[in-house]
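J.: Sharing a structure below in structure tokens format, with a few things to ask.
Only the coordinates and a few stated rules stand behind these numbers; no lab work does. Owing to the predicted nature of the structure, the values given are computational and were not obtained by experimental measurement. Reconstructed Cβ throughout: ideal geometry from the backbone, glycine too, with neighbour counts over all protein chains shown.
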Amino acid sequence: MLVARIDGGANEIMREVMMRAMDLKGDRGMVVIYGGGIAGAVLARQLSGDCEVTLVDPNDYFEIPMAVPRSLVTPEFADQSIIAFSTALPRVKVVRASLLELDASGGMVQTHDGQQMCLSGDVTVLATGSRFANALMRANGVTAGERKAFYARYQKQLAQAGRVLIVGGGPIGVEVAGEIADNHSDKSITILEAGPRILGGTSHEAARHAASVLTRRGVTILCGECLESAGSPMTEVFAGAGEAKTSSGRVIAYDLIVWCVGGRPNTSYMTPHFASRLNDAGRIRVTPQLRVEGSETLFALGDITDLDENKMAWHVAPQVKNAVFNIRQVLAGRRADAYLKVHHPRTNNPMMAVSIGRHAGVLHLPLLGVIRSPWLNRMAKAGHMLVPKYRKILGV
């Protein structure tokens, strides 16, 4: 069953969670999911037909993360990529809160209005994703309207910037550069990447093609140079002009600096009671059945796991599929590993789809290798940023 202990006053959504817990039927298990990104939201949707599901997330909406680079440059794109949880997950009880601490009895959360409560269920799922230094890639504790307003403000600042410095040459940095070049051919764009090449998670061939497309569009790519200092901290998304200094002594003047560096696993809530279940990078150690090591009813999915595979949406899908089966088995009383599916990580898999504006990109697919065709890349991702796919998955 689900237990909710409330400190201080309770808003209506908390009261409803408690009432639902008291009215549960014996044949419906209770699942509490922390995190409303792709893993958490899709899992909640798929389990909500035969389970009582509570989703905990600091925002009141689901955002298709692949759409972020386009929304930064074309704010109206967010109208389709941002979906209210109430629309996407009509059979799921959503608690707008952040997970503060997890222990054997459940999760202590703090709601957006400052209340604290403890939630627990028959099965708990951790899908809290990555924590970023600023709101560029993922906002925290905002409404759908506030997120859309962020994009509108960002586009105005971008429009006024003649020189744009993008820190990070991973998929997000490359896609942001492609979107800016697609819409603002007059701007000077520089990508600064600390590694030996952009798109380090895919093949050299795919990375070379992406670099050639960007270079033809006038984008400068600097690899093997770390950012030593900048005119503003990473937390300041809307900081103005400044200068960046690199490890080679290079000075880069910019009007707008765009931070596209990776986030850190959002797992600080594990530290007080489950620190031993984190690896050195702060990721949660999971079994082949996607359970947190040492637990039968606690699962973890997505970026926060120690699975040896690229932290990408394509790799999350099979995790969710296996987790749905395994959670239903556990709720039915079949907890032994022999009853559960094993997840096989896609280790060293260079599969990747990177858009470079609306009309180009690069794909590295199993068996087929690198696909450069603009038409195929538009069909696969660049034309729509996977928004129709995830709207369909969520039934909207």
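J.: Checking the a/c ratio against 1.5 first, then a/b against b/c, what shape does the Cα gyration tensor give for the range 104-210? Could the numbers behind the result be given before it?
T.: On the way: a/c = 3.58, a/b = 1.67, b/c = 2.15.
The shape class here is oblate.
J.: Okay, next question. If each of N134 and A281 carries a label point 7 Å out from its Cα toward its Cβ, how far apart are those two points in nm?
T.: Distance between the two pseudo-spin positions: 2.5 nm.
J.: Could you give each residue of the range 271-276 its phi-based ³J(HN,Hα) in whole Hz, using Karplus coefficients 6.51, -1.76, 1.60 with θ = phi - 60°, and x for Gly or Pro?
T.: 4, x, 10, 10, 4, 5
J.: Shape call for the range 159-299 from the C-alpha gyration tensor, a ≥ b ≥ c root eigenvalues: rounded (a/c under 1.5), prolate (a/b greater than b/c) or oblate?
T.: Because a/c hits 1.5 or more and a/b exceeds b/c, the range 159-299 counts as prolate.
J.: Taking a temperature of 37 °C and a viscosity of 0.692 mPa s, what whole-number D in µm²/s does Stokes-Einstein yield for the chain with Rh from Kirkwood over alpha carbon pairs?
T.: Stokes-Einstein gives a translational diffusion coefficient of 149 µm²/s.
J.: At 222 nm, what value in deg cm²/dmol follows for the chain if DSSP H runs of at least 4 each add -39500 (n - 2.57) and the sum is divided by all its residues, to the nearest 500?
T.: One gets -8000 deg cm²/dmol as the mean residue ellipticity at 222 nm.
J.: Next question, about the same structure. Classify the range 249-391 as rounded, prolate or oblate from the Cα gyration tensor: take a ≥ b ≥ c as the square roots of its eigenvalues, call it rounded if a/c is under 1.5, otherwise prolate when a/b beats b/c and oblate if not. Don't skip to the end; give the middle numbers.
T.: Working: a/c = 2.62, a/b = 1.48, b/c = 1.76.
Note, shape of the range 249-391 comes out oblate.
J.: Moving on to the next point. In whole Hz, what ³J(HN,Hα) sequence does the range 160-173 give by Karplus (6.51, -1.76, 1.60; θ = phi - 60°), x for Gly and Pro?
T.: Couplings: 8, 8, x, 10, 10, 10, 9, 9, x, x, x, x, 5, x Hz.
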